[in-house]
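The values are calculated or read from the model by the stated rules, or taken from the named source; none is laboratory data. This structure is a prediction, so every number in the text was calculated from the model and none was measured. Glycine also receives a Cβ, built like all others from the backbone with ideal geometry; neighbour counts cover every protein chain displayed. When the accessible area is computed, the model is the full protein with side chains, heavy atoms only, and any ligands, DNA or RNA have been set aside. Shrake-Rupley method; radii C 1.70, N 1.55, O 1.52, S 1.80 Å.
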Amino acid sequence: MKSVEIKDVRKLEVVERDDINSHGNDVVVKVLNAGICGSDIHNYDAGAPVGLVMGHEFCGEVINPGDRTDLKVGDRVTALPISPCGNCEACKSGNPQYCSTTWNNAIGLSLTNPGAFSEKTFARSDMVIKVPDSVSSMEAAMVEPTAVSLHGVNLANIEKGDKVLVIGAGIIGMGSAMLAKLFGASYVAVSETNLKRGEKAVSLGVADKYYNALDPEFLNQVMTETQGGFDKVIECCGNGPAVSSAIMSVKPGGTVVLLGVSTQPITTPLVMGVMKELTLKGGIAYTKEEFVDTLKLIEDKKIDVLKFVDDVVSLDEVQKSFERLTSGNDDAIKILIDPTK
């Protein structure tokens, strides 16, 4: 079967891998759509691990239901890509994202579980969720990143009337802004270094205002226009300047949620966090309940995730799609892959 593997720094290659028709108790699927994620871009930039088939956001058609007696061949499914143990305190409390094994065999994030940048993939049967008929395959492939945004908004405890700043207008930032509005925020702004993405957040209706994160007057403008800072800030970039902006632009007693991931140490003015008595929270992935809730929001038409999809490409076009997403001057937010093209 045709798959896309990491070969080197910023180099992907279409290869032939062994076909999958059964895989123990796992559910084997024909991939219908898969999304390119920010963590995929981290691996692409690093060129590692070599041989990894990425793709942890997907919808597929069941080829083999494994041990799931409630599924049949032809059903459409998506899945939580994580690999929690199911027995630890974190798992039993409904927080598998805390489990120490969650990322060990994650789909598309580990060499042991090749992902959905392929014609077929497999998922742990207890992580598989059936997709309702009213939800398209493209929408189902958007559940995973949107669930990350939902987790961040829940951690921020968005309340009616809140003023919210989202730092970073990638898919997680866009989803966070959209959900903040849904949960009652009266004013949502986005800060972004990419002018086209920032303007797109406003044109898509998920943000009321775009701030240029590179503008030297950014902080003065924010503090003046909000009369002292935002109630809640959701940071979706994971770099020093972004985290610093989050701490500086939130009001005293406010909440900052860090959804961005940095693999390197960063420098940030924590003294302001102390002086403002901020609540600072990290956020990773989601609970299983939040994943299911996200699918339900899409099913009930409470949110529109397809407006973030800029293109649908074949496996042969994946390399060019990564180049587009990392150019820094393109307004693309989400590119989906259709291995059947």
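Pairing each residue of segment 25-50 that is in contact (Cβ under 8 Å) with a residue 12 or more places away in the chain and polar (S, T, N, Q) with any residue that is open to solvent by 10 Å² or more (accessible area, probe 1.4 Å) and not in a loop (DSSP other than H, G, I, E, B), provided the two are 6+ apart or on different chains, yields C-beta distances under 8 Å for Asn25/Ser125; Asn33/Ser137; Asn33/Met138; Asn33/Val312.
Please tell me if Thr69 is polar (S, T, N, Q), in a strand (DSSP E or B) and modelled with pLDDT of 95 or more. Spelling it out, it is not the case that Thr69 is polar (S, T, N, Q), in a strand (DSSP E or B) and modelled with pLDDT of 95 or more. Under the condition of being farther than 21 Å from Gly328 by Cβ and in a strand (DSSP E or B), the residues counted in segment 156-185 number 3. Could you list, in sequence order, the residues of segment 59-107 that are among the hydroxyl-bearing types (Ser, Thr, Tyr) and open to solvent by less than 20 Å² (accessible area, probe 1.4 Å)? Those that are among the hydroxyl-bearing types (Ser, Thr, Tyr) and open to solvent by less than 20 Å² (accessible area, probe 1.4 Å): Thr78, Ser83, Thr102.
Could you please let me know if Ala48 is open to solvent by less than 50 Å² (accessible area, probe 1.4 Å), among the aliphatic types (A, V, I, L, M) and over 21 Å from Ile333 (Cβ atoms)? Taking the combined requirement at face value, the residue satisfies it. Restricting Asp316, Asp330 to those that are farther than 22 Å from Glu144 by Cβ, open to solvent by 70 Å² or more (accessible area, probe 1.4 Å) and either in contact (Cβ under 8 Å) with a residue 60 or more places away in the chain or of a type in the set (Gly, Ala, Ser) (or both) reduces the list to Asp316. Can you confirm whether Val188 is assigned to a helix (DSSP H, G or I) and either of a type in the set (Asp, Glu) or over 18 Å from the mean Cα position of the chain (by Cα) (or both)? No; evaluated as a whole, the condition is false for this residue.
The condition of being touching a residue at least 24 places away in the same chain (Cβ under 8 Å) and assigned to a loop (DSSP other than H, G, I, E, B) does not hold for Gly273.
Per-residue answers, yes or no, for (1) at pLDDT 95 or above; (2) small (Gly, Ala, Ser); (3) crowded, with 23+ Cβ neighbours inside 10 Å:
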residue	(1), (2), (3)
Asn113	no, no, no
Phe117	yes, no, yes
Lys130	yes, no, no
Ser134	yes, yes, no
Glu144	yes, no, yes
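In segment 24-47, of all residues being modelled with pLDDT of 95 or more, in a loop (DSSP other than H, G, I, E, B) and in contact with a strand residue (DSSP E or B) (Cβ under 8 Å, 6 or more places away or on another chain), the one that is farthest from Ser125 (Cα to Cα) corresponds to Gly47.
Scanning segment 238-246 for residues that are open to solvent by 60 Å² or more (accessible area, probe 1.4 Å), modelled with pLDDT of 95 or more and not hydrophobic (A, V, I, L, M, F, W, C) turns up nothing.
For segment 102-129, a residue qualifies if it is hydroxyl-bearing (Ser, Thr, Tyr) and out of contact with any Pro (no Cβ under 6 Å at 6 or more places or on another chain), and the qualifying residues are Ser110, Thr112, Ser118, Thr121, Ser125.
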